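Working notes, structure below.
The values are calculated or read from the model by the stated rules, or taken from the named source; none is laboratory data. Here the structure is a predicted model, which means the values were calculated and not measured. A quick note on method: Cβ atoms are made from the backbone with ideal geometry, for glycine too, and the neighbour counts reach across all protein chains shown. Accessible surface is based on the protein model in full, side chains and every heavy atom, while ligands, DNA and RNA are left aside. Shrake-Rupley method; radii C 1.70, N 1.55, O 1.52, S 1.80 Å.
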Amino acid sequence: MARLNDHYLKLAAGYLFPEIARRMDAFKKANPSADVIKLGIGDVVLPLASAVREAMHAAIDEMATAEGFRGYGPSEGYDFLREAIAEHDFASRGVRVDPSEIFVSDGSKCDSANIQEIFAPDATLAVSDPVYPVYVDTNVMAGRTGAPDESGRYAGIEYLPCTEESGFLPSLPTRPVDLVYLCSPNNPTGTVASKAELAKWVEWARANEAILLFDAAYERFITGDYPHSIFEIEGARECAIEFRSFSKTAGFTGIRCAYIVIPNELMGRDAKGNAVPVAKLWSRRTNTKFNGVPYPVQRGAEAIYSEEGRKEIQANVDYYMANAGLILSGLSKAGFKTFGGVDAPYVWLKTPDGMDSWQFFDALLSKANVVGTPGSGFGACGKGYFRLSAFGMRSKVEEAIDRITRTFG
Ligand code: MLT
């Protein structure tokens, strides 16, 4: 028998969302007439924007001609998309990002999972708790941790508790680490970091020669005066990498397109202590392991920056945020303690009657036929909390809230 990677065996049995789907399917099998409403995984439901559809159609037609046909594209993305991103996502907010610092990919899940590969096998890391599980699991797979304790925390990772008392914001690590994963607007708590908060992180990272891995996949959902990019913070170009995604912003969860920004100034060190540009390693990795996002997909992504595309995308974002508003007000009326949902498409709530997260999951599913995400699936500090996603059709969200308030209010 071939030797396996033992580090995978340290992982909890299943990835969170397939486990939720498994429990939901079992419930549906046992209760075939139940009309189950899904507010669990953050997956978009609105149809593709017409600007995107038309751009993708046109790209396919172009490829069906001898002159317009394209084979392998540049692994790091076509210039037309990298330039559009630099202009519309950064320059328009006064942020300097060069198109060459943008690497187009097939998703932020993959990017935030893969980035750890270019760091040393013994690189140290800190994560928020609760946390998007991908950051942790991929480092476990890579062998950077020991076994988990009974609360599910892996030895070797510094967990930064995000509690109600701290406004769900992580405190600075207690010791220097190489990498810190940050997510704002936050998945799962729906909270958002202020400029002062991010400035504190940049200052710490620079002082400790750490790199911030900043996940901004939900920046488009910010409604208040908060940074959309870590690069809005002075000095971040020397200490941060940013992840952005078209998934939730533009309905691309099934189409797949995202990007990562690695500034030219960002350096890591080799075994001898020499400074090496981080982007050089990511570029090397990308060119070895990836042949780029399909041309029609990149044309579709580019279309969200057209006048029409911008309007359509904003309308979709507004629709989801109106859902979040309905969830928040419905839950509050029913007596739930809620967080988030104002600058992020996730509402975080305290489970009622001292139920633990999975008990509430089961109660919600069996009594209200609504699926959400147990907070404990995101880490020990998520225990006793629960996440509802605002990515649903309005009628379903209204129905779900109605059922929840009737059942638990
Ligand atoms: C979530 O529900 O947390 C997200 O949909 C997961 C993801 O984007 O991979």
20 Å cut-off, amide nitrogen to a point 7 angstrom out along Leu46 Cα→Cβ, residues in the range 286-308: 300-308
Euclidean distance between Cα centres, the range 315-348 to the range 39-75, Å: 31 Å
Estimated inter-spin distance, Asp35 and Ser166, nm [label 7 Å along Cα→Cβ]: 4.3 nm
Computed [θ] at 222 nm, deg cm²/dmol, the chain (DSSP H ≥ 4; -39,500 (n - 2.57); rounded to nearest 500): -10500 deg cm²/dmol
Cα centroid separation - the range 218-260 against the range 265-296, whole Å: 20 Å
Cα-based convex hull, the chain, per residue volume (Å³, whole number): 169 Å³
DSSP loop chymotrypsin sites (Phe, Trp or Tyr not before Pro) with at most 10 other Cβ within 10 Å excluded, longest remaining stretch of the chain: 73-409
Accessible area of the range 52-306 divided out per residue, in Å², using a probe of 1.4 angstrom: 41 Å²
Coil-residue trypsin sites (Lys or Arg not before Pro) of the range 301-409, DSSP, other Cβ within 10 Å capped at 13: Lys337
Heavy-atom accessible surface of the chain: percent carbon and sulfur, 1.4 Å: 53 percent
Whole-Hz couplings from phi, Karplus 6.51/-1.76/1.60, listed for the range 56-61; x for Gly and Pro: 5, 4, 4, 5, 5, 4
Entries in Lys248/Lys311; Lys109/Lys248; Lys109/Lys200 that, when Cα-Cα distance is taken, lie over 19 Å: Lys109/Lys200
Cβ charges +1 (Lys, Arg) and -1 (Asp, Glu), total dipole of the range 52-306, debye: 380 debye
Where only C-alpha atoms are counted, convex hull volume of the range 285-380 per residue in Å³: 180 Å³
